[in-house]
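Values in this text are rule-based calculations from the coordinates and carry no lab data. As the structure is a prediction and not an experimental result, all values here were calculated from the model. Because the Cβ atoms are built from the backbone with ideal geometry, glycine has one as well, and the counts that use them run over all protein chains shown.
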Amino acid sequence: MTAAPDGQLPLLLERIDRQARERFGLGRVADYIPALTDVDPRQFGLAVALVDGTCHAVGQADVPFSLQSITKLFTFVLAFRSEGDGLWRRVGREPSGAAFNSIVQLETESGIPRNPFINAGALVVTDILTSRYAHLDYALLGALRRLAGEPRLYWNARVALSERQTAWRNLALACFMKSHGNFDNDPELVLDNYCRQCATEMSCLQLARATRFLARGGRGDTGDPPVISADQTRRVNALMLTCGAYDGAGDFAYRIGLPVKTGVGGGIVAIVPGVASIAVWSPELDTRGNSVAGTWALEALARHTGWGHTGF
């Protein structure tokens, strides 16, 4: 699979930008984290980082936004890199079919989350990394800064506090897993790390660059050692395809056919193996917590380029 011919991709992105904005008003900004309600909902950005090192962007692609659950992709990569297949003793690899913050399956499956991308799974991953790093928040920031080539990345302290003050369900998930012996650290400490992690901000351009290694078989932009191996990259992309959009993952796979990770900040990152990484952002969400305009834009981009349903 190859990229769109030279000259055509920028024109296509400009058309998608115009048409995506026609979807404004069809969703709602996330309100269960109070600080996120202050975001102007009528924004749209899209960036494509090709494996040859070039980038194309339209709209508000340089405006930072709250990554929220997209950070679960990066913490999963860090944990998978350090733990290898041992990670799967603590978290599963199956789609959940349930809401991202559901506790139901934990009750029937002995405190083992279905996958690393639902909240329970991401909390276990954060617990693993909390044991590994004395200051996980800064370790994660360092990794993101290197991947994005942006030394000024940081988390939004106001969003982190807002999220921490309303994180009762996540605390319940952590305590429930602790009761089953699938949590090593104090749930309050892990939750502190988790909320700062989710409050990290990036623009579409930065996010597309930071995830380009997943389109390059694990190789980053700088010629340094691979971020993860080619085999691990293939497995990460597979989990993104099957689990990256919560209970909307099947619909994403059917309509778009690319590995994705979504977040309730309105961002979506998608990977076209061997071709590009894509980041799109628009704050209004559908009922499953995925960006309305962003989802439409990814589907349109995949359809017009033929990038969807690629093998990896």
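Observations
- The slack between S110 and H304, meaning 0.36 nm per residue of separation minus the straight C-alpha distance, is 65.4 nm.
- In plain terms, the chain from Q165 to H180 could stretch by 2.9 nm, reckoned as 0.36 nm per residue minus the Cα-Cα distance.
- Neighbour-count ranking [beta-carbon atoms within 10 angstrom, fewest first] of E188, E163, E150: E188, E150, E163
- Cβ-Cβ distance of R234 and A98, R₀ of 30 Å, FRET efficiency by 1/(1 + (r/R0)^6): the value works out to about 0.70.
- Dipole in debye (nearest 20) - the chain, about Cα centre, beta carbon charges: Lys, Arg +1; Asp, Glu -1: 340 debye
- Size check on the stretch 162-312: the Cα extents along the three principal axes, sorted descending, read 47, 39, 27 Å.
- Span from the the stretch 82-149 Cα centroid across to the the stretch 249-288 one, whole angstrom: 19 Å
- Less than 5 angstrom separates the built amide H of G257 from those of H309, all sequence-distant by 5 or more or on a different chain.
- Modelled spin-label separation between Y133 and Y32, with each label point placed 7 Å from Cα along the Cα-to-Cβ direction: 2.5 nm.
- Interchain or long-range residues, amide H under 5 Å from V29's placed H: L285
- Helix-only [θ]222 nm of the chain, DSSP H runs n ≥ 4, -39500 (n - 2.57) each, per residue, nearest 500: -13000 deg cm²/dmol
- Diffusion coefficient, µm² s⁻¹, Stokes-Einstein with Kirkwood Rh over alpha-carbon pairs of the chain at 10 °C and 1.306 mPa s: 83 µm²/s
- The slack between F24 and R89, meaning 0.36 nm per residue of separation minus the straight C-alpha distance, is 19.1 nm.
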